[in-house]
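Right, one structure below, let's go through it.
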There are 2 protein chains.
Amino acid sequence: MATAKLLLLVLAATSCCGAGAWELRGGLRKMPPAVEAAAERLREDVAAPVIHALRPLVGSAGDLAGVPCDSWRLAVEAHNKIDWATVPASCEGYVGNYMFGGHYRRDSRFVVDEAIAYAEGLKLGGNGKEVWVFDIDETSLSNLPYYAKHGFGTKPYNATSFNAYVLEGSAPVLPETQRLFKKLISLGIKPVFLTGRTEDQRAITVANLRRQGYSGWMKLLLKPVGLKASAVAYKSDERRKLQDAGYLIVGNIGDQWSDILGAPEGARTFKLPDPLYYIG
Amino acid sequence: MATAKLLLLVLAATSCCGAGAWELRGGLRKMPPAVEAAAERLREDVAAPVIHALRPLVGSAGDLAGVPCDSWRLAVEAHNKIDWATVPASCEGYVGNYMFGGHYRRDSRFVVDEAIAYAEGLKLGGNGKEVWVFDIDETSLSNLPYYAKHGFGTKPYNATSFNAYVLEGSAPVLPETQRLFKKLISLGIKPVFLTGRTEDQRAITVANLRRQGYSGWMKLLLKPVGLKASAVAYKSDERRKLQDAGYLIVGNIGDQWSDILGAPEGARTFKLPDPLYYIG
């Protein structure tokens, strides 16, 4: 019966995942073997199928009463599971497989396809006042190289090591989001970055964004150093300022519910997947 | 390479799905063979593994450029895919497998576990004013027997046949939701049903709820016949009336985003899975 508790995934990588920016740089000594193997297969031959061994009902063989990782992830994405500090330890392999196995990319692409269809259907006012708000981390840039080396969210947040990673300015692009970003510019909708990164990280953030192919944004709004406000309060407040300045927020995209909750949210909001961490 | 495009699921049904209320009554002539086989296995032996053949990247063998059904479902649950009329035709088998294969039950259980943990942590005022709003269809009762015979949401909504089904009063309980309902009553939180079913369906709705083990609700709010209002407007308005009458809406659970969007939403909201239909 042990094998009956396994979820065997046979995924064709052909139509989903160019390796490119998704190759991990640097050492990956802490990656679970299954994730390393999957990443390696992606690097070697993106046309070959990637075979993962997942456990939908229990997180690991040693934890038979454990968390159903797929239900946990759905609950996170649908805003049922909130205020969590870390990914369940037993779901480390599951999250790693999700992030590297093409599933994350496919889910992200679907969201962006919806966002583009919506944007293309908008009737613009012709006065250049339409803007679209983009979060940065896990929305425009990916911190997956960091999280892959730190337990895929199973370890408590470590501000020191995470900020050291941010200051490298090496975060890869999230290609689907960049596709939306460029499409909006071509349509005449102005992108605005609104991030929980702090003002003292402006220079490296700009450098990282440019290095990864972003250009032409209207504003880059960073959090004042020392501001004590929740993400929802801070981001809502910044969106209200945009609105008060005469801009129409036609769209808003982020990986956290705190990016897209709180009036004014934007005329339509899009939630990208993120099973790595929660920001309230 | 064709086989590489298949997602093979080997699910253990042991820990998730008693058959019970989930046995389908009546003819199932329109069910896809794979779904019928899965349902049959569940009926025969709930301890045996259920083997499904799903296609994550394409909906059917004949539709290689089709919808990635798992990404479609996630987008529905996270409120990225909105205003849709029917399930993509190529996802009929996927949705059927999801609903019958234990995955739906497992996802629902996870949401209810979160809701119960939240409810148990509440400090009540002691004046009996705390209420919890429950939607009915696909929340408290299941219309899966109807949808299994009508293409699992792939066919356009047919008010005549659906209302005929409702008037049978035979919709089975959603066991996870009933567990929450009973727990809330034991905690002293009063359940209120708030449904898009119309006032002329009150008697059969009460009969169906009672037959399926519900009792002790404080109110059953049905939509006035002929009311022209969106689900969000109608339900928000009813919640506001509850609030104006002195009740504190500590929780709100539904399968549609229109159940839980619109102030006052309730202090916390829970979105149950529903890949069968969308109500805006």
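The values are calculated or read from the model by the stated rules, or taken from the named source; none is laboratory data. In this text the structure is predicted, and so the values were computed from the model without any measurement. Methodologically, a virtual Cβ is constructed for each residue, glycine included, from the backbone with ideal geometry; neighbour enumeration extends over all protein chains shown. Quick note on the areas: whole protein, heavy atoms, side chains included, nothing else; ligands and nucleic acids left out. Shrake-Rupley method; radii C 1.70, N 1.55, O 1.52, S 1.80 Å.
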Worksheet item: Over the Cα atoms of the stretch B:176-280, what is the Rg over Rh ratio if Rh follows Kirkwood?
Response: 0.93
Worksheet, complete the sentence: Given the candidates A:LEU261, A:GLN212, A:GLY246, the one whose Cα lies deepest towards the positive end of the charge dipole of the stretch A:185-274, counting +1 at each Lys or Arg C-beta and -1 at each Asp or Glu C-beta, is A:GLN212
Practice prompt. For a quick protection proxy, order the peptides A:137-143, B:220-226, A:195-201, B:261-267 by their average other-Cβ count within 10 Å, most packed first.
Written response: A:137-143, A:195-201, B:261-267, B:220-226
Item to complete: Take every Cα-Cα pair in the stretch B:122-198 and report what % of them are more than 14 Å apart.
Response: 68
Worksheet item: Which of the residues in the stretch B:239-279 lose at least 50 Å² of accessible area when you go from the chain alone to all protein chains together (probe 1.4 Å)?
Response: B:ARG268
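Please state, as a whole number in µm²/s, the translational diffusion coefficient that the Stokes-Einstein equation yields for the stretch A:106-271 at 25 °C and 0.890 mPa s, with Rh defined as the Kirkwood radius across alpha carbon pairs. Don't skip to the end; give the middle numbers.
Details: Rh = 16.3 Å.
For these conditions, the coefficient is 151 µm²/s.
Considering every residue in B:66-74, what mean count of other chain Cβ atoms within 10 Å of its Cβ is obtained? Write out the running numbers ahead of the final one.
On the way: counts 0, 1, 8, 0, 5, 12, 3, 3, 11.
Going residue by residue through B:66-74 and averaging, the value is 5.
Can you check what the net charge comes to around B:LEU242, using other residues whose Cβ is under 13 Å from the Cβ of B:LEU242 (Lys, Arg +1; Asp, Glu -1)?
Details: positive: B:LYS129, B:LYS190, B:LYS219, B:LYS235, B:ARG239, B:ARG240, B:LYS241; negative: B:GLU130, B:ASP237, B:GLU238, B:ASP244, B:GLU265.
Surrounding charge for B:LEU242 is +2.
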Item to complete: With label points built 7 Å along Cα→Cβ from the Cα atoms of A:ALA203 and A:ASP83, find their separation and express it in nm.
Response: 4.0
Worksheet item: With solvent modelled as a 1.4 Å probe, how much accessible area in total do chains A and B shield from it at their shared surface, in Å² to the nearest 100?
Response: 3500
Worksheet, complete the sentence: If every Lys and Arg gets +1 and every Asp and Glu gets -1 at its Cβ, then about the Cα centre the stretch B:153-280 yields a dipole, in debye to the nearest 20, of 280
Discussion item. Net charge around A:LEU122, counting only other residues with Cβ within less than 14 Å of its Cβ (Lys, Arg = +1; Asp, Glu = -1)?
Written reply: +2
Worksheet item: Over what distance in Å are the Cα centres of the stretch B:102-131 and the stretch A:121-176 separated?
Response: 33
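First measure r as the distance between the Cβ atoms of B:ALA159 and A:LYS123, then evaluate 1/(1 + (r/R0)^6) with R0 = 25 Å and state the FRET efficiency to the nearest 0.05. Working shown, then result.
Values: r = 32 Å, r/R0 = 1.29.
Taking R0 as 25 Å, the efficiency between B:ALA159 and A:LYS123 is 0.20.
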Worksheet item: In whole Å, what is the distance between the alpha-carbon centres of the stretch A:241-280 and the stretch B:247-280?
Response: 19
